[in-house]
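Report on the following structure.
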Amino acid sequence: MAALRAAKQALRREIKSRVAAVSDQEKLRQSRVVSQKLFRHPKYLSSQRIAVFLNMHDEVRTEDIIKDIFKRGKVCFIPRYFTKSSHMDMLRIQDMEDMNTLPLTSWNIRQPADEDTDREEALDTGGLDLILMPGLGFDKNGNRLGRGKGFYDTYLERCRTHPKGKPYTIALAFKEQLCAEVPVGEHDILIDEVLYEDE
């Protein structure tokens, strides 16, 4: 267990420095390529209820994706992380204006406030068809290296007990986040697919 934790920490450091060396312009360019791949993806096109992360600086930009979800009349859910635990909810947002009025967290990303209790949580209603996943590193077998909090692994476990079952999962990545092999433990859940710019 300690060896696995150490291997993950070392890989996190390596990927963080690789991504930090990528210019903002290049991050934006790759984000657009990944977004266009997603917009043609059959799972995206057929999904009605979609959860998507609001990106941090070292993640694929998701604003265009959120705009597209609304443009196509799909239902959009975003994470609310409870930082003192590994608990996360996926809460519905109505439109871009709704999103842009949300408070900023200490991670400088927007999310509904803790006292914002009127929003629909995806698993309390119709479940989710698709989750667009963040992460630090990925391999081509669907192994994901998160930030170590376990938010998504815990949430996907909850999805499994929903009548709709586990949603399809697509990770969005810069090519610098691809690894030959991500070290994983028994609680790490495989993702269905990783979208990134092919060489």
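The values are calculated or read from the model by the stated rules, or taken from the named source; none is laboratory data. Treat the numbers as computed from the prediction; the structure is a model and nothing was measured. So basically every Cβ, Gly included, is an ideal-geometry build from the backbone, and we count neighbours across all protein chains shown. Note: areas computed on protein heavy atoms with side chains; ligands, DNA, RNA excluded. Shrake-Rupley method; radii C 1.70, N 1.55, O 1.52, S 1.80 Å.
Do you know which of the residues in region 154-190 that are open to solvent by 10 Å² or more (accessible area, probe 1.4 Å) and touching a Gly at 6+ places or on another chain (Cβ under 6 Å) is farthest from Ile131 (Cα to Cα)? In this case the residue turns out to be Cys179. Cβ-Cβ distances below 6 Å connect the following pairs, each with a first residue in region 27-39 that is under 24 Å from Ser17 (Cβ atoms), a second residue that is modelled with pLDDT of 95 or more and not in a helix (DSSP H, G or I), and a separation of six or more residues or different chains: Gln30/Phe174; Gln30/Glu197; Ser31/Val60; Ser31/Arg61; Val33/Glu197; Val34/Val60; Val34/Leu172; Val34/Leu195. Within region 51-60, restricting attention to residues that are of a type in the set (A, V, I, L, M) and open to solvent by less than 10 Å² (accessible area, probe 1.4 Å), the residue that is farthest from Met96 (Cα to Cα) is Val60.
Every residue, every condition in (1) in contact with a helix residue (DSSP H, G or I) (Cβ under 9 Å, 6 or more places away or on another chain); (2) open to solvent by less than 10 Å² (accessible area, probe 1.4 Å); (3) of a type in the set (D, E, K, R), yes or no:
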site	(1), (2), (3)
Arg49	yes, no, yes
Lys71	no, no, yes
Val75	yes, no, no
Tyr81	yes, no, no
Gln94	yes, no, no
Thr105	no, no, no
Asn108	no, no, no
Asp124	no, no, yes
Gly146	yes, no, no
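Is it the case, given these coordinates, that Glu63 is out of contact with any Cys (no Cβ under 9 Å at 6 or more places or on another chain), under 22 Å from Gln94 (Cβ atoms) and either acidic (Asp, Glu) or open to solvent by 70 Å² or more (accessible area, probe 1.4 Å) (or both)? Spelling it out, Glu63 is indeed out of contact with any Cys (no Cβ under 9 Å at 6 or more places or on another chain), under 22 Å from Gln94 (Cβ atoms) and either acidic (Asp, Glu) or open to solvent by 70 Å² or more (accessible area, probe 1.4 Å) (or both). The condition of being under 16 Å from Leu130 (Cβ atoms) and touching a Ser or Thr at 6+ places or on another chain (Cβ under 6 Å) holds for only one of Ile69, Ile50, Ile65, that being Ile65.
Please find, within region 18-45, the residue that is nearest to Gln177 (Cα to Cα) out of those that are among the small types (Gly, Ala, Ser), open to solvent by less than 70 Å² (accessible area, probe 1.4 Å) and in a helix (DSSP H, G or I). So, considering only residues that are among the small types (Gly, Ala, Ser), open to solvent by less than 70 Å² (accessible area, probe 1.4 Å) and in a helix (DSSP H, G or I), the one nearest to Gln177 (Cα to Cα) is Ser31. The single residue among Glu199, Glu120, Glu176 that is within 25 Å of Ser23 (Cβ to Cβ) and either modelled with pLDDT of 95 or more or among the β-branched types (Val, Ile, Thr) (or both) turns out to be Glu176.
Among the residues of region 76-125, those identified as without any contact (Cβ under 8 Å) to a residue 40 or more places away in the chain and aliphatic (A, V, I, L, M) are Ile78, Leu91, Ile93, Met96, Leu102, Leu104, Ala113, Leu123. Which of the residues spanning region 144-176 are under 22 Å from Lys84 (Cα atoms) and among the aliphatic types (A, V, I, L, M)? Listed by number, the residues that qualify are Leu145, Leu156.
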